[in-house]
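One structure is given here, and the rest of the page talks about it.
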Amino acid sequence: MTSTTQRAELQAQIWKIANDVRGSVDGWDFKHFVLGTLFYRFISENFTNHFNAGDKSINYAGLSDKIITDEIKVDAIKTKGYFIYPSQLFVNVVKTSNTNENLNTDLAAIFTAIESSANGYPSEHDIKGLFADFDTTSTRLGNTVDNKNKRLAAVLNGVAGLKLGDFEDNQIDLFGDAYEFLISNYAANAGKSGGEFFTPQSVSKLIAQLAMHKQTEVNKIYDPAAGSGSLLLQAKKHFDNHIIEEGFFGQEINHTTYNLARMNMFLHNINYDKFNIVLGDTLINPQLGDDKPFDAIVSNPPYSVKWIGAEDPTLINDDRFAPAGVLAPKSKADFAFVLHALSYLSGRGRAALVCFPGIFYRGGAEQKIRKYLVDSNFVETVISLPPNLFFGTSIAVNILVLSKHKTDYVTQFIDVSGADFFKKETNNNVLTDEHIEQIMNMFDKKEEVEYITKTFDNSVIEENDYNLSVSSYIEPKDTREKIDISVLNKEISTTVEKIDKLRTDIDKIVKDLN
């Protein structure tokens, strides 16, 4: 099955499920039930495949719970990070979902049992709370048990009806595509809160390639504002044939997306011992400092959110912010995320960060931070992307590429905001693989392309008051029609002669009629 067919089938099935439960579950809440059910199906099938081990004579789903010994259970938890009894598997729960009067409470018990199975094991942190947003007893599903069960059964059977084969064999990012589709169809919330915007897969792909350009191996990959983990997973895709030695790391402040990120790791066959996603405020309570430095950092931090900033006088002495000598404004934390990422970056790696355009030209503390970045030669490239790439906002964002291993004191600017660098699909623009390849080629070669990319000595940026706005350095192509005045005057003269002749002819006709 091709990726286009898989994606179309996935979207059609999700829309059918939405129609089956419409009227009771808010669209934004509905996504938790769909994504949670997709995850439940995945870990059930993944766990079954682990037990069957490719032996067609073994059918774990058909076994009795009673034959599972403690030794078998412990071994599975140490390997997979969790345990699921045969009776708890998705496929077995779906079979009786339409007639099970206790479906909602049975599911709640199963989810609790799966999470609890990791208690006391190294995977406990990675499993705990994964189903927290899949509340099967919620009144959002209905006011009666019968209503709840009917809608849960509709979601379970809908997800069971997805004919996509093994998750491992899918040609698409199943979870990411489902999430993106749900977001795009429930635009009232549009994946944003407090300046946060879901990163479309095409943008994630570009960011991952920028961060890992020409690296054949990295120690580990980090996202300080991990969201649902889409950027980290694009890094995995880009590096399938390479080496990621210690895995995937991220911190996320929102509990719901924190759960989604951990689910997403499992859905992409990243075992619990190869990822570490933590919950908390990255700027105020960073939890992964002991794991730095990172060879690759990818992130789409929230745009212009408020933070405590100078109200906490200890922050100016923080290793992340102290070198710049100034803190990001309290009303705009953008550069706090930039400095955090820079602090966690290794001497050989790159960070590729989505940034709000205003931080590149505003004065005050932000100008001082830009001065620090440019004078220290950390800014490799600033890229201006097309507008309307993100769900819920038409902002034309920038990508800031940071590097600690530059040898030349120059900065590259790339302007791909024009129509030649995006394709319009439904309500949003997208970057195609061809567009990404073009951008990466320009990033790699650092050669001038008229109206699109140019590299400047850092002294030029200093003279320009450390303005890093792409439009200040790349002259846009003049697409206005060029007019030859002499030719235009001749055309006007000819037209006037024709008008005079026409008037004469009309006067003659009127005179003859009279």
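The values are calculated or read from the model by the stated rules, or taken from the named source; none is laboratory data. Not measured: the values here are computed from a predicted model. In this analysis, Cβ positions are derived from the backbone assuming ideal geometry, glycine residues included, and neighbour counts consider all displayed protein chains. These accessible areas exclude ligands, DNA and RNA; they are computed on the full protein's heavy atoms, side chains included. Shrake-Rupley method; radii C 1.70, N 1.55, O 1.52, S 1.80 Å.
Overview of results
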| item | result |
| --- | --- |
| Per-region count, region 118-130, residues in a loop (DSSP other than H, G, I, E, B) and open to solvent by 10 Å² or more (accessible area, probe 1.4 Å) | 6 |
| Subset tally (residues that are hydrophobic (A, V, I, L, M, F, W, C), within 23 Å of the chain's Cα centre (by Cα) and modelled with pLDDT under 70) for region 2-34 | 1 |
| Selection within region 80-94 - open to solvent by less than 60 Å² (accessible area, probe 1.4 Å) and either of a type in the set (Val, Ile, Thr) or assigned to a helix (DSSP H, G or I) (or both) | Lys80, Ile84, Pro86, Gln88, Phe90, Asn92, Val93, Val94 |
| Scan of region 249-268 for residues that are modelled with pLDDT of 85 or more, in contact with a helix residue (DSSP H, G or I) (Cβ under 8 Å, 6 or more places away or on another chain) and more than 16 Å from Ile127 (Cβ to Cβ), ordered by number | Phe249, Gly250, Glu252 |
| Number of positions in region 338-365 that are outside any strand (DSSP E or B), farther than 30 Å from Ala419 by Cα and open to solvent by less than 20 Å² (accessible area, probe 1.4 Å) | 5 |
| In region 381-434, the residues that are open to solvent by 50 Å² or more (accessible area, probe 1.4 Å), closer than 29 Å to Gln215 by Cα and among the polar types (S, T, N, Q) | Thr407 |
| Residue within region 137-158 that is of a type in the set (Asp, Glu), within 28 Å of the chain's Cα centre (by Cα) and either part of a helix (DSSP H, G or I) or modelled with pLDDT of 85 or more (or both) present | no |
| Residue in region 215-228 that is under 16 Å from Asp433 (Cβ atoms), open to solvent by 30 Å² or more (accessible area, probe 1.4 Å) and not β-branched (Val, Ile, Thr) present | no |
| Considering residues of region 373-420 that are small (Gly, Ala, Ser) and under 21 Å from Ser471 (Cα atoms) only, the residue modelled with the highest pLDDT | Ser384 |
| Tally, over region 96-117, of residues that are part of a helix (DSSP H, G or I) and surrounded by 14 or more Cβ atoms within 10 Å (Cβ to Cβ) | 12 |
| Pair list, Cβ < 7 Å and 6+ apart or interchain, from region 382-394 residues that are free of Cβ contacts under 8 Å to residues at least 40 places away in the same chain to residues that are of a type in the set (S, T, N, Q) | Ser394/Asn388 |
| Condition met for Leu502 (more than 30 Å from Gln11 (Cα to Cα), open to solvent by 90 Å² or more (accessible area, probe 1.4 Å) and over 26 Å from the mean Cα position of the chain (by Cα)) | yes |
| All positions within region 47-78 that are aliphatic (A, V, I, L, M) and more than 17 Å from Phe90 (Cβ to Cβ) | Ala53, Ile58, Ile67, Ile68, Ile72, Val74, Ile77 |
| Total residues in region 276-332, condition over 15 Å from Ala225 (Cα atoms), touching a helix residue (DSSP H, G or I) at 6+ places or on another chain (Cβ under 8 Å) and either not acidic (Asp, Glu) or not in a loop (DSSP other than H, G, I, E, B) (or both) | 19 |
| Residue, modelled with the lowest pLDDT, within region 457-498, restricted to residues that are surrounded by fewer than 10 Cβ atoms within 10 Å (Cβ to Cβ) and among the hydrophobic types (A, V, I, L, M, F, W, C) | Ile483 |
| Positions within region 373-396 being of a type outside the set (Gly, Ala, Ser) and over 22 Å from Lys446 (Cβ atoms), in sequence order | Pro387, Asn388, Leu389, Phe390, Phe391, Thr393, Ile395 |
| Matching option when the condition is at pLDDT 90 or above, in a helix (DSSP H, G or I) and among the acidic types (Asp, Glu), among Glu434, Glu447 | Glu434 |
